[in-house]
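Contents: one structure, followed by commentary.
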Amino acid sequence: MRKILFLIAVAFLLLPVYAFGFSEKGQDCSKCHALTNEEASTLLKDFLPNPKILEIRPSPIKDLWEVDVEAGGKKGLVYIDFSKKHLISGAIFSVKDKKNLTQERLVEINKVDVSQIPIEDALLIGNKDARYRIIVFDDPE
């Protein structure tokens, strides 16, 4: 009985070493693990209608990918683990910096390039050569 308890204790103590040995020793696990756009799309299709993968990159948390996705005209983020068995939808916070990292990334991917907005037929109020411009959208309905 003591021998069995000893083996269990040793296995329990060594589990973190074997389970996270490479990433804990500073190696980049994303070099050996990959997630393609097609794989991400397949994993997400049961959760989102017609997901379009915009970008896949390492997340702020080791062993997770951050997947920028667009579905139904909206952009969002999900996280997929390296084993491709778990999908996480939610915010990642940096405890040290007290920042919502997911929200910062969402702001980044949802930025609108105002230079691409056609304003030829827009109503212009004020100086057309003004340093700052404000674009107001209105729905006539």
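Restricting the stretch 44-54 to residues that are assigned to a strand (DSSP E or B) and either touching a residue at least 40 places away in the same chain (Cβ under 8 Å) or of a type in the set (A, V, I, L, M) (or both), the residue that is least open to solvent (accessible area, probe 1.4 Å) is I53.
Listed by first and then second residue, the pairs with beta-carbon distance under 7 Å, at least 6 apart or on different chains, first residue in the stretch 61-73 and closer than 16 Å to E39 by Cβ, second surrounded by 15 or more Cβ atoms within 10 Å (Cβ to Cβ) and among the small types (G, A, S), are W65/S59; E66/S59; V67/A40; V69/G76. Select from the stretch 105-132 the residues that are part of a helix (DSSP H, G or I) and among the hydroxyl-bearing types (S, T, Y) and list them in ascending order. Of everything in the stretch 105-132, just one residue is part of a helix (DSSP H, G or I) and among the hydroxyl-bearing types (S, T, Y), namely S115.
The values are calculated or read from the model by the stated rules, or taken from the named source; none is laboratory data. Worth saying up front: this structure is predicted, and the values here are computed from it rather than measured. Don't worry about glycine lacking a Cβ; one is built from the backbone with ideal geometry, like all the others, and counts go over all protein chains shown. Ligands, DNA and RNA are excluded from the accessible area calculation, which covers all protein heavy atoms including side chains. Shrake-Rupley method; radii C 1.70, N 1.55, O 1.52, S 1.80 Å.
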